[in-house]
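Colleague: Could you have a look at this structure, given as structure tokens, before my questions?
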Amino acid sequence: MMRVRFRKSLLIKLGILTLVLLFTIPYFMSKLDDSSKQDSLKRRSWNKLASDVKEMFPFNDAKKNVMPNPLERHANDSSATQKVYGPRAELKKGVLGNYEPDYKIAHGPGEGGQPVFASMEEKAAADQSVREFGFNMVVSDKISLDRTIPDTRMDECKYWNYPTLKELPTASVILVFHNEGWSTLIRTVHSVVNMSPPELLKEVVMVDDFSDKAHLKEPMEKYIAEYNKKHNNVVKLYRNPERMGLIRTRTRGAELSTADVIIFLDAHCEPNRNWLVPLLARIAYDRTIMAVPIVDGINWDNFAYASVYGAATAHHRGIFEWGFLYKESQVPQKELSRRQHNSEPYRSPTHAGGLFAMDRKYFFELGAYDEGLQIWGGENFELSFKIWQCGGSVEWVPCSHVGHVYRNHMPYGFGKVDVKIPVILLNYMRVVEVWLDDDFKEYFYTREPSVRGYPIGDLSKQLQFKKDHNCKSFRWFMDNIAYEVYDKFPILPPNKAWGEVKQKKGMLCWDTLGQSVGGGPIGVSHCHHYGGNQMFRLNTKGQIGVGERCITAPGGDTLHMSFCATEPTGPWEWDETSGLFRNRDYQKCVEAGHDNKLHLVRCEPDKSAQMWIINEIKTWDR
Ligand SMILES: [Mn+2]
């Protein structure tokens, strides 16, 4: 009986379900049809924003010193959490993409991305320019400002068909610069304009962070004025009234921009063919996506253009180690398998910082960059963590390639900074204190123990934002997005001791002597109490760390800098009472030799040359 009744009720339930489905399927279908309408709605709101922002006359923005506070301006806008999906791109094999340009490699120096060399007579001037700009400007000056470069994309990229011009948002490309060389900067402007559909590139916004080089003053204004005559006034130049640093200048550039999407590029870039549309298409599809192009390398000395990842099909993405040095590694299979085609965008935990596209309004809904971040560094993590944890996503777009000149060295100072620890660590601390959960914060302070407790200023705005937007935990981010970090940079055991390793009865301290991995032995020198090369960490699992590197004794004699083993363990033991620093693998102890190098020798507990103390150092707290 029971069984029959059950079956009867099940049949009734099935019947009702069928009816419900029959009535709702057309509703779902109309929803799908609606996506284009929703997109046009979205465009309207973009346009509205653009007209809200005052256009300013380029070259003459001295009165525009005070930036509106983005957090206040958009405080009541909660649309960041509302997802509206727009049109999608489609791969049609054999059908050339609707934005594929007709592109032919020209002949001449540097064309096709070929290297160019300075002559013997030019050598002195070339060397001087490298010291001044970090690039060989003598070589750069020989290359056309409109030079052609090789196609470094996957072959498949040619066959993507993207939404129509009307369906795509417009772009402001923002170039922030400080004392940049002439031809590398101007070639960036030319390349952006040459490689972008004019209907989509609304403007190139140049923001000068208080340069003092003569070629960036009147000559550049004249050049841009002439260039603008032929290019529909596409270039706008703004100047900071004082040095603001890269991060704040970027936010200012975003404020001054008027298009739907902002795209930041370094001021020494050469976008590749059809670089723009694949980025805009992702943002048209979902405005909470940060779209990141694949960066190709341009050599600082000969300006050869080449992929930095080898095969275009081998995808990489941005991660980090626990000292928050930016790292890249191969995209895990789990992420690759989420997609149908290997040329499709893939999700990335973070990005390098210099090159990315975002919906302009969304950038400000997120509060732009934390205003407490100074000069440079860590802003890529702040934006990435904020995006991921508060409902957006970061994607790398394999069909968008942009060449970037990697500098030989950083030739510029930072200007005035009132910070007693490296600025970049202050920035990391602000990011860590806002976006990491307590247990993850601890891994950062294990890796950078000397900054713990440094006053980093007010974080209440950031913490309030996180609360108001119901942002997810860092553990959620780690488990779901940045999961390979657990394998590549396993969680660090606590430090047993850290600081300078000093002779118990002497004035010498362990010192890396500036050695790098593969270099000579490390040794001792006079204790300077400033950390740096004299800052060591011994963790509870026997590993000695210096920055992101480790100390090993590969031959059982001298001590050397080496790459840290993935597992944060090692053979080192330090006995606080005797002062002996023992290596378990060789059963030997560390002693400073007459050569002032550190050696492993037979342990002699009474020998003062083997007695070490470890003093914590906080350079800012004395
Ligand atoms: Mn750069």
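Colleague: I'm told Thr566 meets every condition in (1) crowded, with 17+ Cβ neighbours inside 10 Å; (2) more than 18 Å from Pro494 (Cβ to Cβ) except one. Can you identify the failing condition by its number?
Modeller: (1)
Colleague: Can I ask one more? Is it fair to say Glu484 is within 30 Å of Asp155 (Cα to Cα) and away from the ligand (no atom under 16 Å from the Cβ)?
Modeller: Yes; evaluated as a whole, the condition is true for this residue.
Colleague: Is it the case that Glu255 is away from the ligand (no atom under 16 Å from the Cβ) and over 28 Å from Phe177 (Cα atoms)?
Modeller: No, not satisfied.
Colleague: Given the condition among the basic types (Lys, Arg), farther than 22 Å from Ser191 by Cβ and touching a residue at least 40 places away in the same chain (Cβ under 8 Å), answer yes or no: does some residue in region 286-294 qualify?
Modeller: yes
Colleague: Report yes if Ala482 is in contact with a Pro (Cβ under 7 Å, 6 or more places away or on another chain) and among the aliphatic types (A, V, I, L, M), otherwise no.
Modeller: Yes; evaluated as a whole, the condition is true for this residue.
Colleague: Next question, about the same structure. For Ser196, are the conditions met, namely being in contact with a strand residue (DSSP E or B) (Cβ under 9 Å, 6 or more places away or on another chain) and outside any helix (DSSP H, G or I)?
Modeller: Considered against the rule, which asks whether it is in contact with a strand residue (DSSP E or B) (Cβ under 9 Å, 6 or more places away or on another chain) and outside any helix (DSSP H, G or I), Ser196 comes out as yes.
Colleague: When region 387-429 is examined, which residues are found to be in contact with a strand residue (DSSP E or B) (Cβ under 9 Å, 6 or more places away or on another chain), more than 16 Å from the ligand (Cβ to nearest atom) and of a type in the set (Ser, Thr, Tyr)?
Modeller: Those that are in contact with a strand residue (DSSP E or B) (Cβ under 9 Å, 6 or more places away or on another chain), more than 16 Å from the ligand (Cβ to nearest atom) and of a type in the set (Ser, Thr, Tyr): Ser393, Ser400.
Every residue, every condition in (1) under 15 Å from Leu355 (Cβ atoms); (2) of a type in the set (Phe, Trp, Tyr); (3) assigned by TED's automatic domain parsing to the domain that holds Val193; (4) surrounded by fewer than 21 Cβ atoms within 10 Å (Cβ to Cβ), yes or no:
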| position | (1), (2), (3), (4) |
| --- | --- |
| Glu270 | yes, no, yes, no |
| Val277 | no, no, yes, no |
| Leu280 | yes, no, yes, no |
| Ala284 | no, no, yes, no |
| Ile294 | yes, no, yes, no |
| Gly297 | yes, no, yes, yes |
| Asp301 | no, no, yes, yes |
| Tyr309 | yes, yes, yes, yes |
| Gly318 | yes, no, no, no |
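Colleague: Also, I was wondering about something else. Residues being over 24 Å from the mean Cα position of the chain (by Cα) and within 29 Å of Arg243 (Cβ to Cβ): count how many of those fall in region 197-210.
Modeller: Going through region 197-210 one residue at a time, the tally reaches 1.
Colleague: What are the residues in region 259-270 that are farther than 23 Å from Met410 by Cβ and within 16 Å of the ligand (Cβ to nearest atom), if any?
Modeller: Within region 259-270, Ile263 is the sole residue that qualifies.
Colleague: Condition (residue is more than 16 Å from the ligand (Cβ to nearest atom), assigned to a loop (DSSP other than H, G, I, E, B) and among the charged types (D, E, K, R)) applied to region 280-295: is it met by at least one residue?
Modeller: The answer is yes; a qualifying residue exists.
The values are calculated or read from the model by the stated rules, or taken from the named source; none is laboratory data. Computed from a predicted model, the values in this text were never measured in an experiment. All Cβ positions, even for glycine, are placed from backbone atoms using ideal geometry, and neighbour counts span all protein chains on display.
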